[in-house]
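Visitor: So that we are looking at the same thing, I have put the structure below in structure tokens.
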Amino acid sequence: MTAPGKFLTFEGCEGCGKSTQIASTLAWLRSAKLLVHEVREPGGTPVGEIIRHLLKHDPVGQSMTAETELLLFAASRAELVRQLIHPSLTRGEWVIADRFHDSTTVFQGNARGLPMEEVNFINGFAIAHREPDLTLILDLDPSEARNRALRRPRPAGQKDRLEDLDLGFYQKVAEGYRSLAQREPQRVKLIDASGTREATFALIQKELRHAFPSLPR
Ligand SMILES: Nc1ncnc2c1ncn2[C@@H]1O[C@H](COP(=O)(O)OP(=O)(O)OP(=O)(O)O)[C@@H](O)[C@H]1O
Ligand SMILES: [Mg+2]
């Protein structure tokens, strides 16, 4: 039987560089001949895609309660875990998730203030208690994420979606992530994402090599 695969998750505020760093990590791991899947939440399964649509296009605007939002994310995740993530890991393949259950802890628990005990219970149920092997939090001050967005070239008159970022909300998110890294130092690593793309990727490679010594030097 093949060895069970590895499950990595990338977390962090909006615009902290997750997509950028996941792309570099995928290219690196694939060049080492590993079979790696990338998953994105919500979505990734037929039911998950319907839930994604519901969450992104809530027809009555901001009407959804924090509880409903949490349960929809959990439902999408429950599908993804059982249909894609677990079967892949069992086959010895790797999975990289762009956000996972820690986003629920931090966004719905720390930032929106739902009771943490209940958030943790629903999270554990949704992921069948299979936590990621390694979670990398790209730690970037939300105001810096917004500055990066403002520096980006864009068509005249067009706003960047990060321009209106609610900084107070995202400060709570960033603090929630930092306290998670303190509570679970084995699984969760904070990566300083304030440097260049290359500098941040070098920090990620260092953590990955430390956690999985068989990766190329
Ligand atoms: N180290 C960096 N320095 C400057 N700009 C960066 C850096 N890393 C990424 N960027 C730019 O910042 C923007 C946000 O990066 P990216 O889309 O990777 O973040 P994200 O965390 O995936 O965002 P989202 O949460 O919105 O999905 C992009 O325009 C990207 O090119
Ligand atoms: Mg992204």
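The values are calculated or read from the model by the stated rules, or taken from the named source; none is laboratory data. Given the structure is predicted, the values throughout are model-derived calculations rather than measurements. When we count neighbours, we look across all protein chains shown, and the Cβ atoms used for this are built from the backbone with ideal geometry, even at glycine. Ligands, DNA and RNA are excluded from the accessible area calculation, which covers all protein heavy atoms including side chains. Shrake-Rupley method; radii C 1.70, N 1.55, O 1.52, S 1.80 Å.
Visitor: Within segment 16-32, restricting attention to residues that are modelled with pLDDT of 95 or more and over 25 Å from G176 (Cβ atoms), which residue is most open to solvent (accessible area, probe 1.4 Å)?
Guide: R30
Visitor: Only residues in segment 6-21 that are within 6 Å of ligand 1 (Cβ to nearest atom) count as the first member; pair them with residues that are open to solvent by 30 Å² or more (accessible area, probe 1.4 Å) and not in a strand (DSSP E or B), Cβ under 6 angstrom, at least 6 apart or cross-chain, and list the lot.
Guide: T20/R197
Visitor: Out of R183, R197, R178, I need the residue that is within 16 Å of ligand 2 (Cβ to nearest atom), open to solvent by 70 Å² or more (accessible area, probe 1.4 Å) and at negative phi. Which one?
Guide: Of R183, R197, R178, the one residue that is within 16 Å of ligand 2 (Cβ to nearest atom), open to solvent by 70 Å² or more (accessible area, probe 1.4 Å) and at negative phi is R197.
Visitor: Here is a further query. Across segment 121-143, which residue is least open to solvent (accessible area, probe 1.4 Å) among those that are more than 16 Å from ligand 2 (Cβ to nearest atom) and within 24 Å of G168 (Cβ to Cβ)?
Guide: S143
Visitor: Does H37 satisfy the condition of being open to solvent by less than 80 Å² (accessible area, probe 1.4 Å), of a type outside the set (S, T, Y) and modelled with pLDDT of 90 or more?
Guide: yes
Matching residues to (1) modelled with pLDDT of 90 or more; (2) in a loop (DSSP other than H, G, I, E, B):
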| residue | (1), (2) |
| --- | --- |
| L138 | yes, no |
| R148 | no, no |
| R161 | no, yes |
| K172 | yes, no |
| P185 | yes, yes |
| E198 | yes, no |
| E207 | yes, no |
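Visitor: Under 7 Å between Cβ atoms, at least 6 apart or on separate chains: pull out the pairs that start in segment 100-114 with a residue that is not small (G, A, S) and end on any residue that is not in a helix (DSSP H, G or I).
Guide: What qualifies is F100/T9; F100/E41; F100/P132; H101/I127; D102/T9; D102/E11; D102/T135; Q108/L114.
Visitor: I'd like to verify a number: residues in segment 6-15 that are open to solvent by less than 20 Å² (accessible area, probe 1.4 Å) and at pLDDT 95 or above, how many?
Guide: 6
Visitor: Checking G43 against (1) open to solvent by less than 40 Å² (accessible area, probe 1.4 Å); (2) not in a loop (DSSP other than H, G, I, E, B): exactly one of these is not met. Which one?
Guide: Exception for G43: condition (2).
Visitor: Separate question: Aliphatic (A, V, I, L, M), within 16 Å of ligand 1 (Cβ to nearest atom) and open to solvent by less than 60 Å² (accessible area, probe 1.4 Å): does that describe V95?
Guide: no
Visitor: On to the next question. As an exercise: evaluate L72 against (1) part of a strand (DSSP E or B); (2) more than 14 Å from ligand 2 (Cβ to nearest atom) and give the number of the one condition it does not meet.
Guide: Status for L72: all satisfied but (1).
Visitor: Moving on to the next point. Going by the structure shown, is R112 away from ligand 1 (no atom under 16 Å from the Cβ) and modelled with pLDDT of 95 or more?
Guide: For R112, the condition - away from ligand 1 (no atom under 16 Å from the Cβ) and modelled with pLDDT of 95 or more - is not met.
Visitor: Oh, and also: Looking at segment 98-120, which of its residues are within 23 Å of P142 (Cα to Cα), open to solvent by 10 Å² or more (accessible area, probe 1.4 Å) and acidic (D, E)?
Guide: D98
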